[in-house]
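**Student:** What follows is a single structure, and I will ask about it in a moment.
The values are calculated or read from the model by the stated rules, or taken from the named source; none is laboratory data. Treat the numbers as computed from the prediction; the structure is a model and nothing was measured. Cβ sites come from the backbone with ideal geometry, for glycine too, and all protein chains shown count toward neighbours.
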Amino acid sequence: MFAGARVRRVRTARGLTQTRMASDLGVSVSYLNLIERDQRPLSAAFLIKLAGTYDLDLKSLAGDEHDLGEELVRVFTDPRLIGIDVSRAELRDLAARSPGVAQALLRLHSATPASPAELDPPGPLGALDAMLDAAGNHFPAIDNAAEALADELRLSGADLNAAVVERLRARHSITVRAMPVEVLRDSLRRLDLHARQLQLSESLDAASRGFAAALQLALIELKAPIAETIAAARITDPQAAGAVHVALTKYAAAAILMPYARFLAACEATGYDVELLQARFGRGLEQVAHRLTTLGRPGARGIPFFFVRVDRAGTISKSFAPGPSPIPHRRHGGGGCALWSLFHAFDRPGEVRRQLVELEDGHRFLTFARTVRGAAAPWGAARAGFAIGLGCDARNAGALAWSAGLDLGGQATPVGPGCTACHRAACRQRSLPPAGAQLAFDERQRGLTPFRFTDD
């Protein structure tokens, strides 16, 4: 394959000259120069030598600029770019030769408001989303420190929840105590430094109590890698730094309870069977789903997943989708796609719904949706209810236990990231026209939807 741009990025990222890299790889400078200029293909032997010398993931070298090119093609259908004549071939060539530039264009487009009404600054949660996207939701320093801590905890016994509680008591003089809901009326977790107690509401289930204890341990023992990660991201706004600190502490807690290498091995052994992973690690479904999106360690990567949590009204409270997905972007109004089974999960609480879906541009995904419930509530009080959605590219779905019996190349449900971001004219579920489309009205004819439109 021709991948000169990727080889050049490997070299420049490490501050190497062509002479130094050629020496490291045992090739001539002229040969390396030809490779970087796409005048020679990468042989299998060269790829293996490159990956071994610089500890690279072969998947990252093989890459798939086709997807990046298709994303650029989608961006250039934006009504604001009408009149700029750029061919698909040009955009795909840009993605192949300058993927960094292509990624920058995509990020600028996703961050650019579609209308003056959306000019509000993103705020601390926007800064958090940007950091997670930039890092691919994988933070090596935290993961490595958490894995080392988990190894120490396992010496105390197989039950990590119990080991975390004992370490808090023995090393930090903090006891963990379940409190009646009438005592912790407005809190699920509270650290009482005077009494040296981590007080947890009795309304939390066992997995949530274990997570809360691990979070407290992370605040104490993983303080340094969390602070280093925030500093490296150059986040200076106090509110944004606060949001990031909370998110990274939760990340650290999950990494303690589901250590990277053990969790990835279990994923591969079970075919990413989320319910078996729940049972094996004693965690909640939402905790496992979150952890699946963090498996980005070079040389030991998991399947890339996107994740979303919604309530019955369709409001997104958590999401991670670094690439194409059916998750609606917050800059598009109108909610998500009603054809996606995620939004039907509330019809049958607790039942797993899997679905093969296809976006307008041909991207296919296998998705998993199920409801999750919040903490228990006293009789008569409202209890929170959410549904979570997981998904991965259909090309990776054959490795999933929950793909059994599905024809991944067969019929898929056509979905989109919401009506205002979707241009399928014949969708019977359409509730709004696409943003920026030209509407047409004809009193003599009524189509499959009330909206007739063109993209011109």
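**Student:** Would you mind listing the strands (runs of 3 or more DSSP E) fully within the stretch 340-456 where at least 2 residues are modelled with pLDDT under 85?
**Tutor:** Ranges flagged: 438-440, 452-454.
**Student:** Answer yes if at least one residue in the stretch 365-387 is of a type in the set (Phe, Trp, Tyr), without any contact (Cβ under 8 Å) to a residue 24 or more places away in the chain and in the same structural domain as Cys337 (by TED's automatic domain parsing), and no otherwise.
**Tutor:** Yes, the stretch 365-387 has at least one match.
**Student:** Tally time: how many residues in the stretch 268-304 are within 14 Å of Ala397 (Cβ to Cβ) and among the hydrophobic types (A, V, I, L, M, F, W, C)?
**Tutor:** So the count comes out to 3.
**Student:** Are there any pairs, at least 6 apart or on different chains, whose C-beta atoms fall under 6 Å, with the first in the stretch 292-314 and outside any loop (DSSP other than H, G, I, E, B) and the second of a type in the set (Ser, Thr, Tyr), and if so, which?
**Tutor:** What qualifies is Phe306/Ser325; Phe307/Thr293; Val308/Ser319; Arg309/Ser317.
**Student:** Now, a different point. Identify, by number, the condition in (1) surrounded by fewer than 16 Cβ atoms within 10 Å (Cβ to Cβ); (2) modelled with pLDDT of 75 or more; (3) of a type outside the set (Ser, Thr, Tyr) that Glu118 doesn't meet.
**Tutor:** Of (1) surrounded by fewer than 16 Cβ atoms within 10 Å (Cβ to Cβ); (2) modelled with pLDDT of 75 or more; (3) of a type outside the set (Ser, Thr, Tyr), only one is false for Glu118: (2).
**Student:** Right, here's the next one. How many residues does the stretch 378-425 contain that are in contact with a strand residue (DSSP E or B) (Cβ under 8 Å, 6 or more places away or on another chain) and of a type in the set (Ser, Thr, Tyr)?
**Tutor:** Residues meeting the conditions: 2.
**Student:** Pick out the one residue from Pro349, Pro328 that is outside the structural domain of Ser203 (by TED's automatic domain parsing), on the phi < 0 side of the Ramachandran plot and surrounded by 15 or more Cβ atoms within 10 Å (Cβ to Cβ).
**Tutor:** When all the criteria are applied, what remains is Pro328.
**Student:** Right, here's the next one. Please go through the stretch 246-272 and give me each residue that is aliphatic (A, V, I, L, M), free of Cβ contacts under 8 Å to residues at least 40 places away in the same chain and assigned to a helix (DSSP H, G or I), ordered by number.
**Tutor:** Val246, Leu264, Ala265, Ala266, Ala269
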